[in-house]
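The values are calculated or read from the model by the stated rules, or taken from the named source; none is laboratory data. For clarity, every value in this text was computed on a predicted model and none was experimentally measured. Methodologically, a virtual Cβ is constructed for each residue, glycine included, from the backbone with ideal geometry; neighbour enumeration extends over all protein chains shown.
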Amino acid sequence: MGISRMDSQSFPLNDGVEARKVAIGCIRRIDESASYANLVVASALQKSNLEQRDRNLVAEMVYGATRMQRALDWAVDRFLMKPPPAVLRASLRIGAYQLLYTRIPPHAAVSTTVEASSKKNKGVVNAVLRRVAESLPIEWPNEGIRLSYPDWIYELVRLEHGEDEGLAMLEHMNDSPVVTEREDGYIQDLSSQWVVQSIGAQQEELVLDLCAAPGGKATAMASEGAFVVAADLHMSRSRLIAENIERLQVDTVWQVTTDGTQPCFAEKAFDKVLVDAPCSGIGVLHRRADARWRIRQEDIARLANLQMSLLRAAKNLVRAGGELIYSVCTTTKAETLSVASEFTKTVDGALPVPVEDPIWRRNGEGGLILPQDHGTDGMCIFKWRIE
Ligand SMILES: C[S@@+](CC[C@H](N)C(=O)[O-])C[C@H]1O[C@@H](n2cnc3c(N)ncnc32)[C@H](O)[C@@H]1O
C-alpha cells in the first residue's frame, strides 16, 4: 500500500519529538471529543511553533493514523492485555503508523514516540512498539482490517463495484489526497472540475447551483461566463460562498440562503439547475481522514430521500428546454443510480441526457468516476433535459 509520502530523507528523525507530542495530542482530542480531524490539526498547528517540515509531519501522522486506526489498533492490541486508555492509545497509534506506513527507520519512530509519550506510558509504548516492529510484515486476519474501513463500507464497496475495482477503490482512498488548484487559485479536485465541464454553462446563461457552498462549482461556472445563483441551506456555509466570491473577485455569482427542497425562486426561471447534493461522501474518504468512522450505513437512505426531494424541487425551476444536473461525491447505488432512475420514472418531462465523455464510466444514463480511475475523488453525474 503506497500510503505515505513521508521518508527518512524529507522528514526529521530524532529531532521530531515535539511533532510527535503534538500529533499524539491531536489523536487524543479526535478520539475523546469526536472532533473533526482537520479542525484539530489546524488549531494544534496554529498554537505550535513547529517548523514547516514538522507541521507536515504532524498532519501526515494525524491524518494517516486516523484513516488507518482500525489496522493500527489491531496491530498493537495483539501485545496488550486489555484496551488501552485514550492517551496510551494515541501514542501507540502514532508510533505504529510510522512503523507500518512510513520509511522512517523503526528505531527513530520508536524512540521519538516514546520520548513524546507521557512519563507513565513510556515503558509500555516502548515495549509494544518494539513488538510491533519485530512483527513486520504483518499477517492481517482479513482485508477489512488491513484496509482499515468499517465492515459495512468494505462490504458495500466490494458488492457494488466488484472485488477488484472495490479493493482498488478502498486502497486508493488510503493514500493522501492530491491537491489541484484552478487557474484562479481555487483548490478544487479535478473530478469536480469535470462536473463543471459536463454542465457546460454557456455565456450569459442563468444557472442555479441549489446546494452551492463553499462555491467551488458556482465560481467555476461564472468564470465560463454564466450568471450563477449560488444557494445553500446553511447560513454558516453560505458565508463561505460569499468569502469565495470576494476572494476570487467574481461579480456574476449571487449568494442566496434557502432550503433547496422548498426554494425561494420562480418556476422555470433558470436555463440550468445543478443539484450538487449532500451525500455520504464514499468517494472522498481519502480527503476527510475521519469520515469513514463518522458515516453510518443508515444515513444513506435518509440522504437518498433528501436527494430526491432536492431533484424534484429543482426540476420545477428549469425552463422548458433547459437542463437539470445531479452530482454527488459518492458512489453508492442508493444515492446515484437508484435516485436517478426513480427520478426519471416518477417525474414527468425529464429526459435523461447521456454522459458521453470517456473520462466518465457509464453508469446507467449517467457517469461515474472511481477514485482509482484518474487519481481523483469518486464522483457521479446525471443529466436531464426538461420539457
Ligand atoms: C456537496 S456540498 C456542495 C458543494 C458545492 N456545490 C461546491 O462545488 O463547492 C452540499 C451542500 O448542500 C448543502 N445542503 C444541505 N441540505 C440542503 C438543502 N436542503 N438545501 C440546500 N442546500 C443544502 C450543504 O450545506 C452543503 O454545502
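Residues that are under 23 Å from LEU190 (Cα atoms), more than 10 Å from the ligand (Cβ to nearest atom) and either of a type in the set (A, V, I, L, M, F, W, C) or not assigned by TED's automatic domain parsing to the domain that holds ILE325 (or both) within the range 233-262 comprise ALA242, ILE245, LEU248, VAL250, VAL253, listed in sequence order. In the range 20-34, of all residues being under 14 Å from LEU92 (Cβ atoms) and among the basic types (Lys, Arg), the one that is surrounded by the fewest Cβ atoms within 10 Å (Cβ to Cβ) corresponds to ARG28. A Cβ distance below 8 Å, combined with a sequence gap of six or more or placement on separate chains, defines the contacts here; from the range 304-320, residues that are more than 22 Å from LEU206 (Cα to Cα) reach residues that are away from the ligand (no atom under 13 Å from the Cβ) in the pairs ALA304/ALA334; ALA304/SER338; ALA304/VAL339; GLN307/VAL339; MET308/VAL339; MET308/GLU342; MET308/PHE343.
The test for being farther than 27 Å from ILE187 by Cα, within 15 Å of the ligand (Cβ to nearest atom) and within 26 Å of the chain's Cα centre (by Cα) does not hold for SER338. Between LEU306, LEU274, LEU240, the distinction of being surrounded by 22 or more Cβ atoms within 10 Å (Cβ to Cβ), aliphatic (A, V, I, L, M) and at pLDDT 95 or above belongs to LEU274 only.
Every residue, every condition in (1) in contact with a Ser or Thr (Cβ under 8 Å, 6 or more places away or on another chain); (2) hydrophobic (A, V, I, L, M, F, W, C), yes or no:
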| site | (1), (2) |
| --- | --- |
| CYS26 | no, yes |
| ILE30 | yes, yes |
| TYR36 | no, no |
| ALA42 | no, yes |
| LYS47 | no, no |
| GLN52 | no, no |
| ALA59 | no, yes |
| GLY64 | yes, no |
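The set of residues from the range 195-232 being closer than 21 Å to ARG247 by Cβ, more than 11 Å from the ligand (Cβ to nearest atom) and of a type in the set (Gly, Ala, Ser) comprises ALA201, ALA222, SER223, GLY225, ALA226. Scanning the range 99-114 for residues that are closer than 13 Å to ALA23 by Cβ and touching a residue at least 60 places away in the same chain (Cβ under 8 Å) returns THR102, ILE104, THR112, THR113. Scanning the range 66-98 for residues that are of a type in the set (Lys, Arg) and without any contact (Cβ under 8 Å) to a residue 40 or more places away in the chain yields a single hit, LYS82.
Is the range 238-260 home to any residue that is assigned to a loop (DSSP other than H, G, I, E, B) and touching a residue at least 40 places away in the same chain (Cβ under 8 Å)? Yes: one or more hits. The helices (runs of 4 or more DSSP H) found wholly in the range 144-231 and carrying at least 3 residues that are closer than 20 Å to PRO371 by Cβ occupy 151-161, 163-172, 190-199.
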